[in-house]
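Engineer: After the structure tokens below, expect a handful of questions from me.
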Amino acid sequence: MRTLLLITGKDLRQRLRDRSLLLLAFVVPFGLAAVFSVVFRGVDAQQTATFAVADLDRGPIATAFTGRVLRPLEQAGVVRLRGADDEAMARAVVDSGEAQAAYVIPAGFSHAVQTGQKATIRVIGDVNAQIGSYVARSIADSFASDVRYAQVALAAKGGGTPEQAVAVPPPVTVADLAADRRQLTLAEGFQAGMAVFFLFFAVRFGFSSILDERRDGTLARLLSAPVPRLTIALSKLLTGIVVGIVSMAVLMAASSLLLGADWGSPVGLGLLIVAGVLAANGVMALVVSVARTAEQAGNAESAVAVLLAVLGGVLVPIQQTGGVLATLSLVTPHRWFMLGLADLHGANAPVVPVVPVLALLGFAAVTLGPALLRVDRMFRL
């Protein structure tokens, strides 16, 4: 154990003097995360749309739309409403950008609905506010569907009054329940994505140093000492593990304190980081174990790190495409790390994201084992 720690300490001192490690493990990922946080801050926050309403009818059906559909949405903080005297004023409000959409209820609307004639609610949307316009259109479509259902229901009963039409219960209701997993914000997603992406470049300074020392001629002196080869290999792995854990811990803490990220339970985050670092070290160690030279190992590690990041969805949200690509993303440690962070953000978030942690430990087990079995080949001078 003492020999293992001595070799690890020597490697860590060497790495601390290596500016490339400091850049890849700390400076570049935090810098990119900070830039993305500034760019995407507030993009995914819920915005309250403003709708203008020009009620030229004032009849019972129009009143039902404004009083029983729009007002409750305003009271819930979903939308803001403002009045308009006529259609021209409603259009002017939308054109000026003061409202994202406007409703125009023409005169005779209620009478047309009650007598089974064609009735229209005009929705005027701002071309520069497509989401707000879509929401306004969806609300009007939903109300039109409810009116049609009430008409059919009253016709089946042999007729009725407008008040009875409004009182007809909807055939289907939707219950809004809190999800167990909350999606990370765009800023948090980029911060975590940059951290786990560059983790795979940071840990490569551990196990691959065997090939570096063989190239530089220092491995021969190390092998001449009475030190088991397995101890040397484990010390290199431990170096990568220490670098990875420190890098991830610093980046996640800095993003929380300086960029406002919320990572949930510290205990769960800590275990997730350790499991992720072990998985990253395992993958990189396996790649190094099949390389012949330090140059081959470096090129292969970079290619594997980028490929896994793309498949894992930290560079491109590939998992949102669904199908085969979404399934394929689950064979990467990156995807399980991000899923673990999402689990920690749920309304009923667990202290530890058990499944993602176990999945990452599984990656570590199936990659570290074969890498250590091939270590004798790496020591051949």
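The values are calculated or read from the model by the stated rules, or taken from the named source; none is laboratory data. Only a predicted model underlies this, so the values are computations on that prediction, with no experimental measurement involved. Because the Cβ atoms are built from the backbone with ideal geometry, glycine has one as well, and the counts that use them run over all protein chains shown. What goes into the accessible areas is simple: the full protein's heavy atoms, side chains included, and nothing from ligands, DNA or RNA. Shrake-Rupley method; radii C 1.70, N 1.55, O 1.52, S 1.80 Å.
Engineer: Looking at region 227-244, can you tell me whether even one residue there is hydroxyl-bearing (Ser, Thr, Tyr), in contact with a Phe, Trp or Tyr (Cβ under 8 Å, 6 or more places away or on another chain), in a helix (DSSP H, G or I) and modelled with pLDDT of 80 or more?
Structural biologist: Yes; the residues of region 227-244 include at least one that is hydroxyl-bearing (Ser, Thr, Tyr), in contact with a Phe, Trp or Tyr (Cβ under 8 Å, 6 or more places away or on another chain), in a helix (DSSP H, G or I) and modelled with pLDDT of 80 or more.
Engineer: Continuing with the same structure: Residue pairs, Cβ under 9 Å, 6 or more apart or interchain, first in region 250-279 and without any contact (Cβ under 8 Å) to a residue 24 or more places away in the chain, second acidic (Asp, Glu) and open to solvent by 30 Å² or more (accessible area, probe 1.4 Å). List them.
Structural biologist: Close Cβ pairs satisfying both conditions: Ser256/Asp262.
Engineer: What helices (runs of 4 or more DSSP H) completely inside region 318-379 contain at least 3 residues that are buried (at least 18 other Cβ atoms within 10 Å of the Cβ), touching a residue at least 12 places away in the same chain (Cβ under 8 Å) and on the phi < 0 side of the Ramachandran plot?
Structural biologist: Ranges flagged: 333-343, 354-373.
Engineer: Find the residue count for region 73-93, including only residues that are of a type outside the set (A, V, I, L, M), at pLDDT 90 or above and not in a strand (DSSP E or B).
Structural biologist: Residues that pass the stated criteria total 4.
Engineer: I'd like to know if region 221-238 contains one or more residues that are open to solvent by less than 60 Å² (accessible area, probe 1.4 Å), of a type outside the set (Asp, Glu), out of contact with any helix residue (DSSP H, G or I) (no Cβ under 8 Å at 6 or more places or on another chain) and touching a residue at least 40 places away in the same chain (Cβ under 8 Å).
Structural biologist: no
Engineer: Please verify whether Val287 is among the β-branched types (Val, Ile, Thr), part of a helix (DSSP H, G or I), under 23 Å from Gln191 (Cα atoms) and touching a helix residue (DSSP H, G or I) at 6+ places or on another chain (Cβ under 6 Å), treating the condition exactly as stated.
Structural biologist: no
Engineer: If you go through region 286-317 one residue at a time, how many are over 18 Å from Thr367 (Cα atoms), open to solvent by less than 20 Å² (accessible area, probe 1.4 Å) and either charged (D, E, K, R) or in contact with a Phe, Trp or Tyr (Cβ under 7 Å, 6 or more places away or on another chain) (or both)?
Structural biologist: Final tally of qualifying residues: 1.
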